[in-house]
Amino acid sequence: MFPYYPINDFGPVMKGMVIGGLGIFHVFLAQFAIGGGMLLCYFQWRDNKYGDRLARRFVDGYFRWLVLVSFVTGALTGVAMWLTTIQISPRTIGLMVDEFHWLWATEWTFFCVEVASGYAFYRYAKILDGKTRLLLLQIYAVAAWMSLFWINGILSWQLTPGGWLEDRSIWAGFFNATFWPSLIYRTLASMAIAGLVAALVVNVASGFSADERWTLVRRVFWFLAPMALMPVVGGWYLAVLPADSRGWVMGGSIAMTLFFTLGAGASLLIGAYAIAMFARPKLFVNGATAAMLCVLAFAATAGGEFVREGVRKPYTVRHTLYSNSITNDEVAYFREVGCVTNDPYPLINASSYPTDQLVLGARVFRMQCSICHTMDGANGVMHLAGTWSIDQLRLNIAKLQYTKPFMPPFAGTPEELEALVQLVRWEHEGRPGEWDTSDDETVLRHIADSLAKAGTQSMIPRP
């Protein structure tokens, strides 16, 4: 029995945008916290090694910002991510928890260590000796990075599950083809974000003279030096992507190409500014420039996360679960029995549809389309297909995996497909109060033939 879940509606906002926007914000905060732990270890080491009192003042001041952002806002957005995910794609997150529950538990353990060590430092740092301070910061930094380590393996598994597809081996899925390049890239990004945020904090914080600000900014900018490796690691990541996913980035999907360009361009600008800092010893980064660079870092994070999510299409877990939470086998099943025949959840505002066929179409849209599309809002069907003729709609939806290879095949009966077509036409005509029901047997047979010719498999080849 297919597991039906209640589906929330966000009006003109695409469901993917809700979780994507929240995810980008959360990832930026999390990577800042990871890099921030490393940066604090470096400055505490300078205090212990050279008696650098400026470094100690920086640690005591900057860490309060780190606690505020990563422990409070970061923790809240983390909880919000789980809450949002189970409302939008519960079957995907359910599969991830089922397969990797012990690894999730391991990650949560490291997160608990991160929180405990961080708060211990925040509470007692001023009365501790230098070695103990450094130890607490090292525990924090290692725990934060290990949290990234475990999450990275689970997220990269969604795109490149590798040997997990054959024998459901947890470790084959975890240490997948994109595991190492994505882990290294995220580590480098974390260091860069921490350096940029630190430069901003140094400029806005009170208590530092102009010379002290100059000294601190020069030191934190060394954390941007590893960005020189980003093009190499990024190229490695692209090289190990499945060919179809790489094709979306390299021009196959305009949106993914644009966001990839955004991420790469923003990273390039940050790297160029870092090079200028190293080449010109007297160059100083003021608050406005630091803020601009932080915005660029956020843009780079947004571009990277959009591409990471997008290149999985038409899957949320490659070759296992489509974006609409339907499996390959279930496509064939729904072609026989219908995708909403056993759906127990009522349709909101069902009375606003003038015919039962339009109600059926709306339920099919909710089930198969609404995760990635709205009707006339963001990524709206009206904007994408509203002007198609009725025959174009029938043929293109029946052969959806051919029409748009990054979309899953239609999983439903000819009657459900025709109901969806009529819904699109009705919406295009301005939702009139009366609408004729389309039940021509010749039309339904033609749709059935088109569905049979299209088959039930994605166009994405399985390895």
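No value in this document is a laboratory result; all are computed from the given coordinates. Source: prediction; values computed, not measured. Note: ideal-geometry Cβ built from the backbone for every residue, glycine included; neighbour counts use all protein chains shown.
Which order, highest average first, do 260-267, 304-311, 240-247, 104-111 follow once you tally other Cβ atoms within 10 Å for each residue and take the mean per peptide?
Ranked by mean Cβ neighbours within 10 Å, highest first: 304-311, 260-267, 240-247, 104-111.
Give the angle, between 0 and 90 degrees and rounded to the nearest 10, that separates the Cα long axis of helix 74-88 from the longest principal axis of the Cα atoms of the chain.
In the chain, helix 74-88 runs at an angle near 10 degrees to the longest axis.
List the relative contact order of segment 242-313 as a percent without decimals, with contacts defined as Cα pairs under 8 Å and 6+ residues apart.
Once normalised by length, the contact order is 49 percent.
Can you list the lysines whose alpha carbon is less than 24 Å from that of Lys126, not counting same-chain residues fewer than 8 positions off?
Lys49
Angle, helix 356-368 long axis vs. longest principal axis of the chain, Cα atoms, 0 to 90°, nearest 10?
30 degrees
What is the order of Glu429, Glu212, fewest Cβ neighbours within 10 Å to most?
Glu429, Glu212
Could the peptides 214-224, 160-170 be put in order, highest first, of the mean number of other beta-carbon atoms found within 10 Å of their residues?
Averaged packing, sorted descending, gives the order 214-224, 160-170.
Note the angle between two axes, namely the Cα long axis of helix 254-279 and the longest principal axis of the Cα atoms of the chain, as a number of degrees from 0 to 90, rounded to the nearest 10.
Rounded to the nearest ten degrees, it is 10.
Compute, for the chain, the length of the dipole vector about the Cα centre, with Cβ point charges of +1 (Lys, Arg) and -1 (Asp, Glu) only. Units Debye, rounded to 20.
So the dipole magnitude of the chain works out to roughly 2680 debye.
Determine, for Lys15, Lys49, the number of other Cβ atoms within 10 Å of each Cβ, and report the residues in order from fewest to most.
So the ranking, lowest neighbour count to highest, is Lys49, Lys15.
Mind checking which of Pro12, Phe43, Val67 is farthest towards the positive end of the chain's charge dipole, using Cβ charges of +1 (Lys, Arg) and -1 (Asp, Glu) about the Cα centre?
Sorting the options by dipole projection puts first Phe43.
Once you list every other residue whose beta carbon is under 9 Å from the beta carbon of Val443, what net charge do they have if Lys and Arg are +1 and Asp and Glu are -1?
-2
From the C-alpha gyration tensor of segment 15-317, pull out the three semi-axes of the equivalent ellipsoid (sqrt of 5λ each), sorted largest to smallest, in whole Å.
Each semi-axis is the square root of five times an eigenvalue, giving 34, 23, 16 Å.
How high is the relative contact order of the chain, in percent, counting Cα pairs under 8 Å that sit 6 or more residues apart?
Rounded, it is 17 percent for the chain.
Which value at 222 nm does the chain reach when only helices count, each DSSP H run of 4 or more adding -39,500 (n - 2.57), with the total divided by all residues and rounded to the nearest 500 deg cm²/dmol?
-22000 deg cm²/dmol
What's log10 of I(q)/I(0) for segment 162-299 at q = 0.17, 0.20, 0.22 Å⁻¹, Debye sum over Cα points only, no solvent?
-0.93, -1.13, -1.27
Rounded, prolate or oblate: which fits segment 326-454, taking a ≥ b ≥ c as square roots of the Cα gyration tensor eigenvalues, rounded meaning a/c under 1.5, else prolate when a/b beats b/c?
rounded
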